[in-house]
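Read through the structure below, which is laid out as structure tokens, and then see the notes.
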Amino acid sequence: MSVALGLPASMVLARPLFDADIAIAGADPTCVHNAALAAEVASLPRATAERQREFTAGRAAIHDAMRQLGLTPQPVLHGRDRAPVWPDGLTGSLSHCNTACVAAVGHRQRVRALGIDVEEDTPLEADLFDTVCTDSERAYLGGLHPQDRGRVAKLIFSAKECAYKAQYAVNRTLFDFQTLSVTFRRETRQFTARFVHDVPKFRKGTELSGRYAVGQGLIVTAVTLRS
């Protein structure tokens with residue numbers, strides 16, 4: 001994975017997407033890290049080697065982010081839905097892809113919820129367009145050069161994943177990709193994810209504002225919901 005200033009590429013891309021009071025950290029998911037705490041290791045019995053690498057990289061990133069906030073690392077277990085269970089007073093988000101892992105952590109008194117997503121900057125498979133994209137998004141893709149459609153569709157996918165994580169931290173509600181419609185402001189590297197219909201605590205038409213970065217073979221998207 002490419003690095004800048006000795007930092008993981010995912011962290012380099014993610015840092016400008018969040019305000020300074022939110023800690024960002026990255027780790028390499030292709031190797032096992034020794035940073036996981038005993039309670040965290042115990043919560044992941046009989047995991048495959050791939051899952052162990054993913055899990056320990058995630059915990060290494062989370063613990064690094066906690067240190068940036070001036071905190072001693074605390075265990076972050078996972079619930080039945082596999083989402084991280086954040087310690088009292090903290091909220092955060094974690095994302096992995098094959099080559100990168102990145103975590104965002106903030107104080108709950110300032111931050112209601114966070115969403116972060118990292119993906120390889122490769123085209124989304126064409127047979128997933130209908131699943132991921134709304135009619136308006138597919139119309140937008142249709143106006144692009146054919147060589148660009150798959151990569152922009154992957155950006156849409158990532159923005160929806162990121163926005164979904166932020167809302168899930170608030171209401172623990174599952175929904176499909178058609179629940180959100182995404183538009184981009186490419187000149188400012190921002191996006192808006194709009195709810196197409198009501199979900200708990202988010203009415204139809206509610207918009208979540210996000211930011212994105214593309215580079216070094218990765219896409220990173222970010223959403224912050226303030227308290």
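Annotations for the structure displayed:
- Of all residues in the range 195-211, exactly one satisfies the criterion of being surrounded by 13 or more Cβ atoms within 10 Å (Cβ to Cβ) and either acidic (Asp, Glu) or within 18 Å of Leu141 (Cα to Cα) (or both), namely Glu207.
- Number of the exception - Glu40 against (1) loosely packed, with under 15 Cβ neighbours inside 10 Å; (2) over 24 Å from Val220 (Cβ atoms); (3) of a type outside the set (A, V, I, L, M, F, W, C); (4) in contact with a helix residue (DSSP H, G or I) (Cβ under 8 Å, 6 or more places away or on another chain): (1)
- Every residue from the range 124-154 that is in contact with a Gly (Cβ under 8 Å, 6 or more places away or on another chain) and surrounded by fewer than 14 Cβ atoms within 10 Å (Cβ to Cβ): Glu125, Ala126
- Any chance Tyr168 is under 25 Å from Pro84 (Cα atoms) and crowded, with 19+ Cβ neighbours inside 10 Å: no
- Matching residues, the range 85-122, being closer than 29 Å to Arg51 by Cα, outside any strand (DSSP E or B) and in contact with an Asp or Glu (Cβ under 9 Å, 6 or more places away or on another chain): Cys97, Asn98, Thr99, Ala100, Arg108
The rows are residues; the columns are (1) part of a strand (DSSP E or B); (2) more than 26 Å from Val214 (Cα to Cα); (3) outside the structural domain of Leu71 (by TED's automatic domain parsing).
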{"site": "Ser10", "(1), (2), (3)": "no, no, no"}
{"site": "Pro16", "(1), (2), (3)": "no, no, no"}
{"site": "Asp19", "(1), (2), (3)": "no, no, no"}
{"site": "Gly26", "(1), (2), (3)": "yes, no, no"}
{"site": "Pro29", "(1), (2), (3)": "no, no, no"}
{"site": "His33", "(1), (2), (3)": "no, yes, no"}
{"site": "Ala36", "(1), (2), (3)": "no, yes, no"}
{"site": "Ala39", "(1), (2), (3)": "no, yes, no"}
{"site": "Pro45", "(1), (2), (3)": "no, yes, no"}
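Here's the yes/no breakdown for (1) touching a Leu at 6+ places or on another chain (Cβ under 9 Å); (2) closer than 27 Å to Asp21 by Cα:
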residue	(1), (2)
Thr122	no, no
Glu125	no, no
Leu128	no, no
Thr134	yes, no
Ala153	yes, no
Gln167	yes, yes
Lys201	no, yes
Tyr212	yes, yes
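- Pairs, first at pLDDT 95 or above and surrounded by fewer than 24 Cβ atoms within 10 Å (Cβ to Cβ) in the range 1-26, second in a strand (DSSP E or B) and of a type in the set (S, T, N, Q), C-beta under 9 Å, six or more apart: Leu17/Thr221; Leu17/Thr224; Phe18/Thr224; Asp19/Thr224
- Of all the listed residues (Thr188, Thr192), the sole one being out of contact with any helix residue (DSSP H, G or I) (no Cβ under 6 Å at 6 or more places or on another chain), surrounded by fewer than 12 Cβ atoms within 10 Å (Cβ to Cβ), at negative phi and among the hydroxyl-bearing types (Ser, Thr, Tyr) is Thr188.
The values are calculated or read from the model by the stated rules, or taken from the named source; none is laboratory data. These numbers come from a predicted model, not from an experiment. Don't worry about glycine lacking a Cβ; one is built from the backbone with ideal geometry, like all the others, and counts go over all protein chains shown.
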